[in-house]
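Every read-out reported here was derived from the displayed coordinates using simple, explicitly stated rules and does not represent laboratory data. On a predicted model such as this, the values are computed, not experimentally measured, just so you know. Glycine also receives a Cβ, built like all others from the backbone with ideal geometry; neighbour counts cover every protein chain displayed.
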Amino acid sequence: MKWLLPLMFGALAALVEAAAIEDGWGRDLRIEGRPERIAALAPHLAESLFALGMGERVVAAVSFTDYPPAARQVPRVGDAFALSWESLTALRPDLILAWGGALTPERLARLEGFGVPVYVSEPRSLPEVERELRVLAEAFGGDVGVAEAFGQRMAALSSGSGERTLRVLPLISGSPLLTLSRDHFVDDLLARCGAVNPFAAAAGPVVRLSSERLLRSDLDLILNLSSTPLPEALHLPRGVPVADLDPDLFVRPGPRVMEGAEALCELLGKSR
C-alpha cells in the first residue's frame, strides 16, 4: 500500500494548485496548476502580467504591445481584432488572456477550441482594474502587492462625491471624432476627479460625434487622448482649451491607468 502514498499526495497537490476564478465577463474558469505559457491578446494584458512579475511566462502578444520595453520582444500573433491562428497554435499557450472588446462569440469559441482556459478581460472602472490585477496575481502566481498598491492609490484620489462643475470631453480620435461614454472606464476617471462627461449617457463605449455637435457642446476642457494632435482644420467650441495627455495611460486598463488618473485629477484641479 505504500506505493499508493505518492499517488495520493500527487492528487492532493493537484487539487490544491487548481484555482477557480471568475473572469471579466462573469464566466467561471478552473485553472489547473500554474500556467507557464501565457498568451496576452491585448497590450494592457501584457502590461499587467509584466507588472505582476509574470512577464517571462508571456509567450504570445499582439500589435502595439510596447510596455514595458521587455514586452516588445514577445512574439506577435496578429492584433487584438485579427489573430494569426497558426502563429498562436505554434506557440502552444496553456492559458489565453483576451480582451472582451475584441471578441465575438465565434472568436471566443475558436479560442476555447485550443483546449486551454480563456480569461476574458473587460474592466470598466478603476475598482474592476484592481480586481483583475488581484485575480491574475492570486490565480497565476503573481505579486498581489501590485493590486494592493493600486487600491491604495485609488483610495487617495478624490471620490468624486462632491459637486462636479467641469464639463470635460475625452476625444480618442480627431478624425473621425470619437469620444467615450460611461461604458468606458475613462468615465470613472473623470468622475473621480470631479468632472462631468457630457456624452456619458450615449449608447456604446465609443461614441461618434459630428463637427456640428462638437461645436454646440458646452465644454470647459477637451482631453485629447489620441496618439496624434487634433487636426488643424477641426473647429472647436470657442475658448475651450485642449489638453494633450498620454493615451496609453487612459485607454489601456492596466496598472498604469492609475498614473493617468492621478495626472487627470491634478490637471482638473488646476483648471477649477
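Between Leu166 and Asp66, what is the FRET efficiency for a Förster distance of 25 Å, r being their Cβ-Cβ separation, to the nearest 0.05?
0.20
Within the chain, which is the longest segment containing none of the GluC sites (Glu not before Pro) that sit in a DSSP loop and have at most 10 other Cβ atoms within 10 Å?
Working: sites that count: Glu163, Glu232.
Result, exposed sites excluded: 1-162.
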### Message
If I take R0 = 35 Å and measure r between the Cβ atoms of Arg208 and Glu56 in this structure, what FRET efficiency does the formula 1/(1 + (r/R0)^6) give, to the nearest 0.05?
### Response
0.30
### Task
Note the listed values [x] 19.2, 68; [y] 19.5, 78; [z] 21.1, 85, then indicate which one is Rg and Dmax of the Cα atoms in Å calculated from this particular structure.
[z]
### Message
Suppose the chain between Asp143 and Phe81 were pulled fully straight at 0.36 nm per residue; how much longer would it get relative to their current alpha carbon spacing?
### Response
19.4 nm
### Query
When only DSSP loop residues count, what trypsin sites (Lys or Arg not before Pro) in segment 41-133 have their Cβ near at most 13 other Cβ atoms within 10 Å?
none
### Query
On a 0 to 90 degree scale, rounded to 10, what angle separates helix 144-156 from the longest Cα axis of the chain?
20 degrees
### Task
Could you list Arg167, Arg192 in order of exposure, starting from the residue whose Cβ has the fewest other Cβ atoms within 10 Å?
Arg167, Arg192
### Query
222 nm [θ] for the chain, helices only, -39500 (n - 2.57) per DSSP H run of 4+, per residue, to 500?
-10500 deg cm²/dmol
### Task
First check a/c for segment 166-271, with a ≥ b ≥ c the square roots of the eigenvalues of its C-alpha gyration tensor; if it is under 1.5, answer rounded, and if not, answer prolate when a/b is larger than b/c or oblate otherwise.
rounded
## Note on the structure
Between Arg110 and Phe199, the FRET efficiency computed from the C-beta separation at R0 = 41 Å comes out, to the nearest 0.05, as 0.75
### Query
At what distance in nm do the modelled label points of Glu22 and Arg37 sit from each other, each positioned 7 Å from its Cα along Cα→Cβ?
3.2 nm
## Note on the structure
Dividing the mean separation of Cα pairs under 8 Å (6+ apart) by the residue count of segment 27-178 yields a relative contact order in percent of 21 percent
### Message
Once you keep just the Cα pairs under 8 angstrom separated by 6 or more residues, what percentage relative contact order results for the chain?
### Response
15 percent
### Message
Using +1 at the C-beta of Lys and Arg and -1 at the C-beta of Asp and Glu, which of Ala156, Leu234, Leu190 has the Cα lying farthest in the positive direction of the dipole of segment 139-272?
### Response
Leu234
### Query
With axes computed from alpha carbons, what is the tilt in degrees of helix 126-140 against the longest principal axis of the chain, rounded to the nearest 10 within 0 to 90?
20 degrees
### Query
Roughly speaking, what is the stretch gain from Arg216 to Ala90, that is 0.36 nm per residue apart minus the C-alpha to C-alpha distance, in nm to one decimal?
40.1 nm
### Query
Given +1 on the Cβ of Lys and Arg, -1 on the Cβ of Asp and Glu, and no further charges, what dipole in debye does segment 197-269 carry about its Cα centre, rounded to the nearest 20?
340 debye
### Message
Using the crude model of +1 on Lys and Arg Cβ and -1 on Asp and Glu Cβ, and no other charge, please compute the dipole size for the chain relative to its Cα centre, in debye to 20.
### Response
220 debye
